1. So, with a 1.4 angstrom probe, what is the percent of accessible area on the chain that is carbon and sulfur?
2. How large is the Rg to Rh ratio of the chain when both quantities use alpha carbon positions and Rh follows Kirkwood?
3. Under a plain spin-label model, where a point goes 7 Å from the Cα along Cα-to-Cβ, how far apart in nm are residue 15 and residue 92?
4. Using Cβ-Cβ distances only, list the Cys residues of the chain with no partner cysteine under 4.7 Å, sorted by number.
5. Longest exposed-loop-site-free stretch of the chain, with GluC sites (Glu not before Pro), DSSP loop and at most 14 other Cβ within 10 Å?
6. Mind ordering 43-51, 127-135 by average Cβ neighbours within 10 Å, highest first?
7. For the peptides 90-102, 206-218, what is the packing order when you average, over each peptide's residues, the other Cβ atoms within 10 Å and list the highest mean first?
8. Of all trypsin sites (Lys or Arg not before Pro) in the stretch 101-161, which ones are in loop regions per DSSP and have a Cβ with at most 16 other Cβ atoms within 10 Å?
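The values are calculated or read from the model by the stated rules, or taken from the named source; none is laboratory data. Just so we're clear, the structure is a prediction, and the values are computed from it rather than from any experiment. Backbone-built Cβ (ideal geometry, glycine too); neighbour counts: all protein chains shown. For the accessible areas, the whole protein counts, side chains as well, though only heavy atoms, and no ligand, DNA or RNA atoms are used. Shrake-Rupley method; radii C 1.70, N 1.55, O 1.52, S 1.80 Å.
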Amino acid sequence: MRRVWTCSGLRWSGDGPVLVWGGGRTSPLAPGRRVAFGVVDGGVRTCVGARGNACPMRAVVSPRGTGARCEECARLDRAHSVAADTLADDPRPYRVYLAWFGPGMVKVGITRVERGSVRLLEQGAVTFSWLGQGPLMAARRTEELLRAALGVPDRIPYADKRAVRAVLPEAGERVAELRELHGRAGDLDGWPESVVRAPFEPVDHADVFGLAGLPPARVAVRELAAGGAVSGELCGVAGPDLHLLTGRGAVVLDTRLMTGWDLTGAGAGAGGADGGSGVTFPVRELPVADAGVQDGLF
């Protein structure tokens, strides 16, 4: 009987990204590492539960969703969520930030001070700078003020981030766009008095993500499926995405699709994989980005 591990997703820290498995075991994700796993025949994806508690129904969930939660557990998970504005009385301090993902793709957001830059790593922010720090609701009001005044969103679709990741401009151009918006933000009136403004100090994650020389990906794994497998060399990790060089070229795998599955080594016969470099999970085509005509993509 082959051994299986239940995937709990990808976790970022100051030491880099790791895949987390049931029971707390982790697998570091270093560039050049071979990533190979499959789903056994007859396997299903089960709900991961909410806020550290297992799903009492062990409900089967959709293979295409990134949340891996049944309806009830998703509701419970959002019951104490900053994103859902259900933690208005949170006493912890928060930071407001500007994050750059590609030309014309900048967002404003907030994160707890105690988390440092982990939230930016989780989102795949290539470059970012802090804007200020203060209580939660003051930070939220600042976020809304800047979003409206600067004309930037609070979310960037992952499909847009992936489309440009391999054709990004040089660091100087990335920083210049962020600096201009940071300056405009600092000139605005109406900031809450309890938010202490931060100077422009850009942080670049291109090296952390392994973006230098990243081969453009033409396909992404759409979903995991029973009997399927993937095997390839890890080229980079950005946000939740693994960039793998496989026998069919560069492939992006969103690790959020792995949560809730019981996985096994690809060389153990999963999906007929032979331990080489390939992907037999369903995939979808990715848009082809051109750094020279970026404004035409969105």
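1. Reported share for carbon and sulfur atoms: 50 percent.
2. That ratio is 0.99, to two decimals.
3. 2.0 nm
4. Among the cysteines of the chain, those whose Cβ sits 4.7 Å or more from every other are 7, 73, 235.
5. Maximal segment without exposed cleavage sites: 1-169.
6. 127-135, 43-51
7. Descending packing order for the listed peptides: 90-102, 206-218.
8. 155
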